[in-house]
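The values are calculated or read from the model by the stated rules, or taken from the named source; none is laboratory data. Remember, predicted model here, so these are calculated numbers, not experimental data. For neighbour counting, all protein chains shown are included, and Cβ atoms are generated from backbone atoms with ideal geometry for every residue, glycine included.
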């Protein structure tokens, strides 16, 4: 998925500084890891090459970007240092990590921790499974559409009704696979069922050969703040609906993390 872009409301904020907006757009453009020439960066952010060059030169001074021998720009060392600082200071990740590691070691499949931001999930942690698998595109810091991932659906399911309607107005339900839910009413029914069950299933809706079980994480106020998932290839995860042991284990791990965050379920 593409990196986050500022909304129209955010762009129109009277406190925004235009040069910072432009510099941040450069960083967001390069966030997919693909090196780009000056012209490609210029085209991506809709600025003249001369203005783009000056912005890139400033970002290079602080090592936010770097240029290779072919003259292509990519993110620099400072971005890595900032990412590491965020990664190490994230309380949710630190609280969740022991449970995630135990879960991964037990089920031997890939485990994720993610939050909802706008219409997408953002991966805070990914612990690869103990079996080799090369078909999964998720990565720490990466994004995926919420409506067709287990993590995203379990997070959407706990939004208020008006928030779900707002989501559906903003997010076209484009098909990624033949299993993707593309009808808004069908998705709302699915979210209602997820809310009742306490977990979500991804039956190959985003990546055709990947299956996923996801469960919500609650904070001390009872709000859903994140979700975890167990993901693996269809050949090992199917039949997903009948894989009750895996579903229960995902829910147990999510409950354990929630309790560490201060959540106490009502009697």
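Does residue 152 count as in contact with a strand residue (DSSP E or B) (Cβ under 8 Å, 6 or more places away or on another chain), in a helix (DSSP H, G or I), in the same structural domain as residue 219 (by TED's automatic domain parsing) and surrounded by 13 or more Cβ atoms within 10 Å (Cβ to Cβ)?
It is true that residue 152 is in contact with a strand residue (DSSP E or B) (Cβ under 8 Å, 6 or more places away or on another chain), in a helix (DSSP H, G or I), in the same structural domain as residue 219 (by TED's automatic domain parsing) and surrounded by 13 or more Cβ atoms within 10 Å (Cβ to Cβ).
So, residue 206, is that one surrounded by 13 or more Cβ atoms within 10 Å (Cβ to Cβ) and touching a residue at least 60 places away in the same chain (Cβ under 8 Å) or not?
On the way: surrounded by 13 or more Cβ atoms within 10 Å (Cβ to Cβ): yes; touching a residue at least 60 places away in the same chain (Cβ under 8 Å): yes.
Judged against the criteria, residue 206 is a match.
I'd like the residue in region 73-103 that is at pLDDT 90 or above and closer than 30 Å to residue 36 by Cα and, out of all such residues, is surrounded by the fewest Cβ atoms within 10 Å (Cβ to Cβ).
77
Just to be sure before I move on: is residue 200 at pLDDT 95 or above and either out of contact with any strand residue (DSSP E or B) (no Cβ under 9 Å at 6 or more places or on another chain) or more than 20 Å from residue 92 (Cα to Cα) (or both) in the structure I sent?
yes
Kindly indicate whether residue 70 is over 21 Å from residue 142 (Cβ atoms), surrounded by fewer than 16 Cβ atoms within 10 Å (Cβ to Cβ) and either within 26 Å of the chain's Cα centre (by Cα) or at pLDDT 95 or above (or both).
It is false that residue 70 is over 21 Å from residue 142 (Cβ atoms), surrounded by fewer than 16 Cβ atoms within 10 Å (Cβ to Cβ) and either within 26 Å of the chain's Cα centre (by Cα) or at pLDDT 95 or above (or both).
Residue 79 passes all but one of (1) without any contact (Cβ under 8 Å) to a residue 40 or more places away in the chain; (2) over 19 Å from residue 260 (Cα atoms); which number fails?
For residue 79, the failing item is (1).
Kindly indicate whether residue 187 is surrounded by 18 or more Cβ atoms within 10 Å (Cβ to Cβ), touching a helix residue (DSSP H, G or I) at 6+ places or on another chain (Cβ under 9 Å), farther than 30 Å from residue 130 by Cβ and at pLDDT 95 or above.
It is true that residue 187 is surrounded by 18 or more Cβ atoms within 10 Å (Cβ to Cβ), touching a helix residue (DSSP H, G or I) at 6+ places or on another chain (Cβ under 9 Å), farther than 30 Å from residue 130 by Cβ and at pLDDT 95 or above.
Only residues that are touching a residue at least 12 places away in the same chain (Cβ under 8 Å), exposed (fewer than 14 other Cβ atoms within 10 Å of the Cβ) and out of contact with any strand residue (DSSP E or B) (no Cβ under 7 Å at 6 or more places or on another chain): list them for region 236-255, please.
Passing the criteria: none in range.
As an exercise: evaluate residue 214 against (1) crowded, with 19+ Cβ neighbours inside 10 Å; (2) touching a helix residue (DSSP H, G or I) at 6+ places or on another chain (Cβ under 6 Å); (3) without any contact (Cβ under 8 Å) to a residue 40 or more places away in the chain and give the number of the one condition it does not meet.
In the conditions (1) crowded, with 19+ Cβ neighbours inside 10 Å; (2) touching a helix residue (DSSP H, G or I) at 6+ places or on another chain (Cβ under 6 Å); (3) without any contact (Cβ under 8 Å) to a residue 40 or more places away in the chain, residue 214 misses (3) alone.
Given the condition at pLDDT 85 or above, within 25 Å of residue 184 (Cα to Cα) and part of a strand (DSSP E or B), answer yes or no: does some residue in region 104-111 qualify?
Within region 104-111, not a single residue is at pLDDT 85 or above, within 25 Å of residue 184 (Cα to Cα) and part of a strand (DSSP E or B).
Does any residue of region 141-148 turn out to be touching a helix residue (DSSP H, G or I) at 6+ places or on another chain (Cβ under 9 Å), under 26 Å from residue 85 (Cα atoms) and surrounded by fewer than 17 Cβ atoms within 10 Å (Cβ to Cβ)?
Yes, that holds for at least one residue.
Per-residue answers, yes or no, for (1) closer than 19 Å to residue 201 by Cβ; (2) under 8 Å from the mean Cα position of the chain (by Cα):
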residue: 107; (1), (2): yes, no
residue: 136; (1), (2): yes, no
residue: 139; (1), (2): no, no
residue: 143; (1), (2): no, yes
residue: 151; (1), (2): yes, no
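Residue 216: under 18 Å from the mean Cα position of the chain (by Cα), assigned to a loop (DSSP other than H, G, I, E, B), within 17 Å of residue 144 (Cβ to Cβ) and in the same structural domain as residue 148 (by TED's automatic domain parsing), yes or no?
Taking the combined requirement at face value, the residue does not satisfy it.
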